Amino acid sequence: MSDNKAVWLAGYGVIEHRPDTVKAVEELVDSLDVAGICKREQAWALFLAADRLSSMGLWLTAHMTYAREVHLDGRTLAAEDFKLTPEGHTGGALNMVPAYVGYLLANALSGSTRAWMMGQGHCVAAIDAVNILMRNLEPEQEARYPRSDQGLSKLCQDFYSYEIGANGRPVAPLGSHVNVYTAGGISEGGYLGFAGLQYVHMPLPGQELVSFLSDGAFEEQRGSDWASRWWRGEDTGLVMPIMIANGRRIDQRTTMSQSGGVHWFRDHLRLNGFEPVDIDGRDPAAFAWAILSMAQRLKTQHKEIDAGERSYPVLLPYAIAETVKGFGFPGSGTNAAHNLPLPGSCASDEKSRTLFNEGCAKLFVAPAELAVAIESLQTHSAQGRVQEKDHCLRQLKVQSPVLPFPERIIPGTAVAPMAAIDVWFCALATANPNMRVRVGNPDEMRSNRMNKSLDLLQHRVTSPEDGVSESLHGAVITALNEEAVVSAALANKQGLNLVVSYEAFAVKMLGAMRQEVIFARHILETGRRVRWLSVPVLVSSHTWENGKNEQSHQDPTLCEAWLGEMADVAPVYFPFDANSAVALMGTLYKQTGRVATVVTPKNVTPYFCSAAQAQQAVQDGAMVLQHDSDAILQFLAVGAYQLEAANKAAQVMREQGVDCSVVAILEPGRFRIPRDAREANYVHSDADIARIIPPVETRLIVCHTHAEVMTGVLRRLDTGIAQTRVLGYRNRGGTLSVAGMQEANGQSWQAIVGAANSILGLPN
């Protein structure tokens with residue numbers, strides 16, 4: 001037995017190696033040696049190093065919650081060395097330390113840097129602590145947190161410091177969740193559940209992704225129900241999901257724990273097409289073995305499919321890392337461990353201070369021993385691989401798509417905007433055969449007039465039905481679960497994406513969408529690029545054309561909420577005909593880092609502009625349809641049906657002798673009051689607004705949304721309470737036609753004429 005192996009077998013501090021882990025690791029080391037990937041002695045040195053890095057990572061993570069001073073000599077801390085008010089999600093972060101170190105270990109053993117994501121974003125302290133020890137850092141943290149007493153003390157002081165700079169932003173390059181300063185971070189994870197829905201759609205063939213999940217987040221969104229149905233080796237890389245099952249949430253045990261624990265979960269996984277892999281969630285070696293063995297199993301299964309020896313779906317490996325919340329530190333296994341495992345503040349409570357010092361003493365690694373461990377795991381240069389901060393999903397390489405020229409829709413042609421988009425998107429997908437396409441849709445493609453796209457791309461299923469647009473390798477990801485399908489498109493950051501949904505139910509996508517644009521904007525604020533192509537979210541069968549399905553199907557909440565986000569990354573569009581819809585799509589796929597809500601009619605609408613005019617309308621965010629030189633009244637329409645009614649109302653007003661103008665607002669956010677410098681660079685200046693929209697003293701805005709929302713967004717176009725009126729959705733619905741919806745909500749052309757006469761002081 002080698003010296004390194006013998007030392008490793010003895011464990012280190014709180015880390016012990018179960019017999020099943022030892023057996024698995026011995027087999028792994030043998031296989032790596034035989035394959036010429038990693039020599040036995042080197043492998044055992046790496047396992048030895050991982051124990052010490054894990055132990056010190058636990059030590060530093062505990063300090064981040066409680067301490068304001070860090071001493072790398074491991075001395076006992078006095079009362080004045082502690083924060084007065086400790087903060088942190090300590091237990092989950094402690095559980096994440098051996099998991100993340102195991103990921104680093106797997107990379108070093110195999111000579112390959114995989115991608116990673118973490119669904120429990122509040123465990124970021126673990127990632128930051130280990131990365132700082134390893135010097136795997138973005139420049140902002142590299143400069144601020146050297147591996148010294150001073151640097152690590154600054155790290156602890158910054159953690160939940162709440163310090164804000166003169167620019168109104170946090171001073172510290174840290175967060176309470178994964179953020180743009182987290183080396184290798186690609187998703188915040190603060191809104192639980194989306195990692196489980198996204199990981200299977202992320203890597204391309206030849207790439208690997210480790211996804212850290214949690215039994216608490218499992219309650220939020222059972223992503224495990226879907227992944228095995230959608231993984232295909234032909235267009236997807238290797239995915240290694242690992243659930244850290246610590247059995248607790250904030251106030252109580254998880255429902256999984258209450259329902260039978262991991263024994264119940266194993267059965268759940270098997271019923272849903274997974275192959276459960278049980279590992280010790282306290283041991284970094286177990287995580288490394290799980291990552292490498294799951295990758296190999298998935299490779300083997302795909303080879304068997306290629307050879308005709310197996311068929312889809314594969315049994316997707318899924319590791320269950322059972323542990324106790326807050327392992328390795330006092331208070332573990334309790335509800336308190338979620339946030340603050342000690343009974344009080346160490347600055348004022350002697351018992352808590354004693355528990356902290358005693359707990360940390362078991363985790364401490366002497367500087368010389370730690371230095372050897374870190375050097376052992378720093379194999380990147382020798383192996384010719386990138387640091388973990390630069391993994392493939394962090395440093396995306398996305399090609400610009402070939403954009404089809406839009407079909408010219410001639411005046412008088414009756415075309416539904418969604419149908420026009422359908423034809424154009426087929427051409428886009430066909431013109432870019434090397435780009436992976438994902439269309440997220442909750443069983444509404446044909447209802448929303450995306451027939452050609454569905455026939456071309458097909459639903460992805462495991463058992464295609466004859467005569468139905470289904471395929472093993474379909475690009476349309478469908479489930480009656482809006483969060484699941486939007487996640488497919490948002491996760492496919494190296495490809496072409498589209499989301500199609502009924503407007504009323506698309507609001508369920510809001511959390512996933514918001515996660516993406518927040519992260520994207522924070523990247524931009526650091527001066528870095530966001531490389532993924534923009535994602536259009538088409539919301540159709542919308543409020544005004546879904547009258548027949550009762551008020552449950554009539555809800556503009558998504559576009560209203562999206563108007564509240566920053567317009568430069570979260571635009572909202574209201575195309576008013578087929579040409580404007582297609583022109584908009586072409587523009588969006590030239591851009592990066594935006595999730596666009598596009599409120600699009602599925603029914604035939606009148607033709608209002610040529611292809612060239614539509615392009616200009618997209619650029620300006622609006623288009624003047626008609627303008628009398630002596631206009632005293634201006635109709636501003638936001639939405640296709642609103643424009644149709646306003647146009648008719650303008651005609652009637654002219655017959656009454658009132659000069660007026662009609663303006664279609666395609667992108668209201670371009671006309672809003674900017675809320676910061678970045679948004680100010682995106683919205684129109686006062687001069688641009690005056691150029692695009694003729695100044696008129698009296699304005700009547702007719703909008704798709706509730707009036708109150710659009711009143712705020714278009715405040716710059718408001719000429720005063722006596723001269724401006726806004727007509728919007730009034731929460732009136734039922735089993736109605738489009739005309740009935742307009743009548744019920746005061747947006748028929750007759751109602752618009754009445755409102756115009758009223759504001760002008762004319763008789764009706």
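Here are a few things to note about the model shown:
- Going from the residue with the fewest nearby Cβ atoms within 10 Å to the one with the most, K303, K397, K5 rank K397, K303, K5.
- Karplus-derived HN-Hα couplings along the stretch 717-725 (A = 6.51, B = -1.76, C = 1.60, θ = phi - 60°), whole Hz, x at Gly and Pro: 9, 7, 9, x, 4, 7, 10, 10, 9
- Computed E for E234/E708 - FRET, C-beta separation, R0 56 angstrom, nearest 0.05: 0.70
- Volume per residue that the Cα convex hull of the stretch 437-518 spans, once the total is divided by residue count, Å³: 89
- Amide H to amide H, with H built 1.01 Å from N, K325 comes under 5 Å of G333, counting only residues 5 or more places away or on other chains.
- Ordering V702, N647, I673 by the projection of their Cα atoms onto the charge dipole of the stretch 622-760, which places +1 on the Cβ of Lys and Arg and -1 on the Cβ of Asp and Glu, puts I673 at the extreme positive end.
- Cross-link reach list, lysines versus K648, counting only Cα pairs under 28 Å and skipping chain neighbours closer than eight places: K548, K602
- Computed label-point distance, nm, for sites E697 and A143 using a 7 Å Cα→Cβ extension: 5.6
- Modelled label positions at E80 and L403, each set 7 Å beyond Cα in the direction of Cβ, lie 6.4 nm from each other.
- Distance from the C-alpha centroid of the stretch 468-502 to that of the stretch 532-605: 17 Å, rounded to the whole angstrom.
- Modelled label positions at V604 and D688, each set 7 Å beyond Cα in the direction of Cβ, lie 3.7 nm from each other.
- Spatial offset of the stretch 646-674 relative to the stretch 273-308 amounts to 61 Å, using the alpha carbon center of each.
- Between the alpha-carbon centres of the stretch 1-42 and the stretch 692-708 there is a gap of 71 Å.
- Checked against a 19 Å cut-off, the cross-linked pairs K397/K493; K493/K590; K5/K39; K303/K493; K389/K590 give Cα-Cα distances beyond that limit for K303/K493; K389/K590.
- Taking each DSSP H run with n ≥ 4 as -39500 (n - 2.57) and averaging over every residue of the chain yields -12000 deg cm²/dmol at 222 nm.
- Annotation: extensible slack from S311 through D466 equals 54.0 nm (criterion: 0.36 nm per residue apart, minus Cα-Cα distance).
- Between L496 and R436, V437, R438, the built amide H atoms are under 5 Å apart, and every one of these is 5 or more places off in sequence or on another chain.
- Normalised by the number of residues in the chain, the mean separation of alpha-carbon contacts (under 8 Å, six or more apart) gives a relative contact order of 11 percent.
- Once the Cβ-Cβ distance of A739 and A431 is raised to the sixth power relative to R0 = 51 Å, the FRET efficiency obtained is 0.80.
- Cα-based shape type of the stretch 263-320, given that a ≥ b ≥ c are square roots of the gyration tensor eigenvalues and the cut on a/c is 1.5: oblate
- Charge dipole (debye, nearest 20) of the chain; +1 at Cβ of Lys and Arg, -1 at Cβ of Asp and Glu: 540
- Fully extending the segment from N731 to K23 would add 248.4 nm, taking 0.36 nm per residue of separation and subtracting the current Cα-Cα distance.
- Structure-derived Kirkwood radius over Cα pairs in Å - corresponding label in (1) 26.9; (2) 30.7; (3) 28.1: (3)
- For N764 and S629, a Förster radius of 30 Å and the Cβ-Cβ distance give a FRET efficiency of 0.70, rounded to the nearest 0.05.
- Cα-based helix-to-principal-axis angle, 578-588 vs the chain, degrees rounded to 10: 30
- Ordered by the number of other Cβ atoms lying within 10 Å of each residue's own Cβ, fewest first, Y502, Y607 fall into the sequence Y607, Y502.
- Listed by chain and number, the aspartates and glutamates whose alpha-carbon sits under 19 Å from that of K23, ignoring those within fewer than 8 places in the same chain, are D3, D33, E41, D51, D278, D280, D283, E322.
- Taking the charge dipole of the stretch 395-551 about its Cα centre, with +1 at Lys and Arg Cβ atoms and -1 at Asp and Glu Cβ atoms, the residue from S469, T543, F519 reaching farthest to the positive side is F519.
- Dipole magnitude of the stretch 1-138 about its Cα centre (Cβ charges: Lys, Arg +1; Asp, Glu -1), debye to nearest 20: 120
- Cα-based helix-to-principal-axis angle, 367-377 vs the chain, degrees rounded to 10: 60
- Only one residue of A583, H17, G193 has its Cα farthest out toward the positive end of the dipole of the chain, where Lys and Arg carry +1 and Asp and Glu -1 on Cβ, and that residue is A583.
- Residue order, fewest to most surrounding Cβ atoms within 10 angstrom, among T600, T543, T85: T85, T543, T600
- In a reduced charge model with +1 at each Lys and Arg Cβ and -1 at each Asp and Glu Cβ, the stretch 3-390 shows a dipole moment near 240 debye about its Cα centre.
- Taking a ≥ b ≥ c as the square roots of the eigenvalues of the Cα gyration tensor, an a/c ratio of 1.5 or more together with a/b no larger than b/c marks the stretch 622-760 as oblate.
- Between helix 90-110 and the chain: long-axis angle, C-alpha atoms, 0 to 90°, nearest 10: 80
No lab work stands behind these numbers, since they all come straight from the coordinates. The structure presented is a predicted model; accordingly, all values stated were derived computationally and were not measured. Because the Cβ atoms are built from the backbone with ideal geometry, glycine has one as well, and the counts that use them run over all protein chains shown.
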